[in-house]
């Protein structure tokens with residue numbers, strides 16, 4: 001079977017715009033959480049967010065696309081440019097049907113949508129933008145990236161809330177295995193506007209703390225909800241052989257295993273599905289828990305959810321059996337962008353042999369039995385990572401990443417399936 | 001290669017709740033489009049839609065479900081229950097994580113979101129909407145992946161679940177996604193389909209703004225006229241279709257009734273325009289070619305094409321171009337129809353409703369017609385099955401979809417014996 005490798009990253013995060021700025025900030029433990037500035041949040045119980053600073057859309061997005069795109073899509077288009085640039089891919093040399101786009105979405109381009117709802121209800125239907133029909137909807141990032149880069153291959157948009165970034169990458173790997181050479185994947189989200197804020201308040205899961213350093217504390221006994229941020233990562237996934245053929249400048253790692261599960265219906269008495277997702281992803285990668293050097297946890301920061309995740313991790317790896325980290329303590333939860341950013345972070349950790357820290361949780365609750373990487377990075381030269389994510393409503397996803405420096409471009413010699421080449 | 005059988009069907013559609021009513025409408029050639037009754041349509045350019053007469057209590061939903069679920073989610077749950085019962089599958093005997101869920105939707109819980117927006121914004125008067133008036137379910141509506149969770153719970157499914165949202169190809173793509181999951185071995189059973197309940201002022205306004213919807217308001221039942229020279233645009237619809245898909249051998253082993261096999265699926269993008277289509281239909285043709293290749297079938301084997309047929313001139317030309325490009329001379333021989341002429345265009349749901357129609361066409365040997373096709377556009381020279389259903393045994397059926405974002409998808413269904 002073909003191997004799916006990551007050859008390009010484009011990161012837009014609250015604590016760093018661009019992959020290296022983000023990575024530097026993350027290793028330094030610099031947070032992007034702060035009081036909201038995008039809109040006046042003083043009336044709301046939650047006032048903190050991870051806002052992207054210094055993104056000037058006009059520098060990244062062609063002017064003709066400005067009126068038809070939301071802030072979210074502009075960031076996604078920029079991150080896609082960076083990821084494709086990072087991959088060093090000359091797209092003109094790839095077959096047009098051999099390139100796809102698969103992204104995650106959660107609530108769509110909410111700010112654009114709010115403006116048009118306001119236009120409709122305060123002024124009348126003739127004031128609604130001609131772009132509303134597609135600018136707000138869940139497929140917009142995939143559609144705009146596909147058009148901008150003339151990618152005509154199989155694409156997709158998956159919605160599983162915060163788990164979506166992993167599900168998108170799992171789906172991208174599916175396309176690679178069917179013979180598509182290159183898929184632009186991941187997720188970018190941005191819903192920092194009042195109409196994006198109020199539904200999240202209604203979920204009851206957001207932190208109402210005012211101190212950015214005490215607001216989002218996954219695996220702490222003081223966990224009190226999460227902080228939401230904007231951004232994410234666009235990730236170029238390629239068939240290993242095709243990447244080698246075109247001389248891709250680097251391979252960050254292989255998507256070695258993927259699995260997704262649903263939690264059982266409430267009241268069924270059956271266990272939640274996160275551990276099964278992790279087990280299935282490991283089995284898919286033909287690895288055992290012993291082979292995993294670091295776990296990037298979902299880290300909800302909600303007591304019951306933290307407990308469930310800690311049970312899954314310590315059940316699978318044993319008490320304090322593997323280093324666990326939650327760098328999203330520095331960005332907040334990015335919804336459809338969250339798991340994609342975690343995957344990018346994990347790949348950078350594999351590249352540089354260092355586990356980024358979880359900030360603001362110096363004293364994880366001991367009964368969780370987790371070896372949480374707190375305060376400062378840990379130089380343990382990880383070669384494989386398990387990334388976990390959960391989406392609202394009971395969605396679980398797990399991705400296994402592996403360094404490939406021993407044989408970066410080799411196809412998997414364990415199976416002999418011959419993929420169909422796209423015409 | 002593992003194969004995929006369609007073993008259970010469930011629908012909520014304009015004209016009737018349930019598959020029996022759905023098929024009766026489709027074969028009658030009647031149209032369920034009417035003047036919009038859900039809100040006052042008078043300010044809008046297009047004032048017709050295909051609405052479902054859906055009573056959630058009569059449909060068997062509990063008060064908790066009715067409160068918790070957006071209309072689209074309600075459609076999905078009701079359809080899923082019908083499909084599961086129809087399949088005769090005893091899910092209690094299956095491993096829960098071998099059952100997955102794939103639900104398509106283009107605009108999610110938009111009706112509930114708009115209703116709640118109006119409340120928290122005081123009728124659009126305030127940008128800083130007021131959280132104190134928000135219903136507890138608001139976040140469930142905000143992230144429509146919750147609809148897939150609801151369907152999963154119907155079947156006790158604990159395998160992979162997702163909402164697939166690729167605009168108006170969401171329905172086809174969600175079923176295609178389900179097919180891929182069964183084939184790759186991740187699951188053995190999928191609850192697969194799509195749902196949409198988009199008939200609300202904001203949807204009407206955004207389609208008005210680009211003149212995508214028809215201005216033919218005077219004869220509502222004649223509003224949607226795909227392939228007719230007088231067509232004026234699409235007519236919004238709503239509804240859901242959910243299917244039980246099973247790995248072929250296990251379905252056969254348990255003696256399931258197999259409606260059809262899903263033999264091929266492919267999706268492509270035109271990378272051209274978020275809403276525009278080129279007349280040559282090049283990328284849709286490519287999707288059709290790829291689906292045929294996957295199914296191992298020649299173009300000449302296709303006995304019926306369920307068209308996208310949205311009722312716009314741009315679509316009609318695009319699609320006709322695609323059929324000629326991919327099917328060659330056979331495009332002129334094969335019967336083609338658009339059921340959107342009868343049930344409107346339910347955006348993300350319609351692709352799944354059309355797959356169900358294709359399975360039923362194979363099952364019953366009847367091809368649904370294109371209603372309201374009195375005077376074919378002279379530009380279009382294929383057989384679009386005008387007005388009345390056609391009795392014709394068909395073993396291979398093609399269904400296509402085209403959506404905002406540039407998405408083009410094609411699926412091939414075959415009779416249960418064709419590839420055995």
Could you line up B:246, B:65 from fewest to most neighbouring Cβ atoms inside 10 Å?
-> B:65, B:246
From fewest to most C-beta neighbours within 10 Å, the residues B:207, A:55, A:317 line up as A:55, A:317, B:207
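Of the beta bridges DSSP finds with both residues in the protein assembly as shown, what % are antiparallel, to the nearest 5? Don't jump to the answer; show the numbers that get you there.
Details: 84 of 124 bridges.
Given both bridge residues lie in the protein assembly as shown, the antiparallel proportion sits at roughly 70 percent.
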Modelled label-to-label distance, residue B:55 and residue B:132, 7 Å Cα→beta-carbon offset: nm?
-> 3.9 nm
So for R0 = 35 Å, FRET eff. of residue B:2-residue A:222 from the Cβ-Cβ r, to 0.05, ends up at 0.10
For residue B:329 and residue A:93, what is the calculated FRET efficiency with R₀ set at 45 Å and r taken between the beta-carbons, to the nearest 0.05?
-> 0.80
How would you rank B:245, A:316, B:373, going from fewest to most other Cβ atoms within 10 Å of each one's own Cβ?
-> A:316, B:373, B:245
Just grab the label-to-label distance for residue B:42 and residue B:293, each label 7 Å out from Cα along the Cβ direction, in nm (one decimal).
-> 5.6 nm
Of B:318, B:273, B:308, the one that fluctuates the most in a GNM where chain B has Cα springs shorter than 10 Å = B:273
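If you count the DSSP beta bridges with both ends in chain A, what percent of them are antiparallel, to the nearest 5?
Working: 41 of 61 bridges.
Antiparallel: roughly 65 percent of the beta bridges in chain A.
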Extension gain (nm, one decimal) between residue B:381 and residue B:184, 0.36 nm per residue minus Cα-Cα = 66.9 nm
Anisotropy class of the stretch A:257-402 from Cα gyration tensor, a/c 1.5 cut | rounded
So, relative contact order of chain A in percent, Cα under 8 Å, 6 or more apart, is 24 percent
Provide the percentage of antiparallel DSSP beta bridges, counting only those with both residues in the stretch A:4-246; round to the nearest 5.
-> 65 percent
Find how many whole Å separate the alpha carbon centroid of the stretch B:113-158 from the alpha carbon centroid of the stretch B:324-377.
-> 34 Å
So for the pair residue B:62, residue A:42, with labels modelled 7 Å out along Cα→Cβ, what separation do we get in nm?
-> 4.5 nm
17 Å cut-off, amide nitrogen to a point 7 angstrom out along residue A:405 Cα→Cβ, residues in the stretch A:1-31 | A:6-7
Could you work out the helix-only [θ] at 222 nm for chain A, with each DSSP H run of four or more residues adding -39,500 (n - 2.57) and the total divided by the number of residues, to the nearest 500 deg cm²/dmol?
-> -8500 deg cm²/dmol
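Each value in this text was obtained by applying a stated rule to the coordinates, not by laboratory testing. All values reported here derive from a predicted model rather than from experimental measurement. Neighbour counts run over all protein chains shown; Cβ positions are idealised from the backbone, glycine included.
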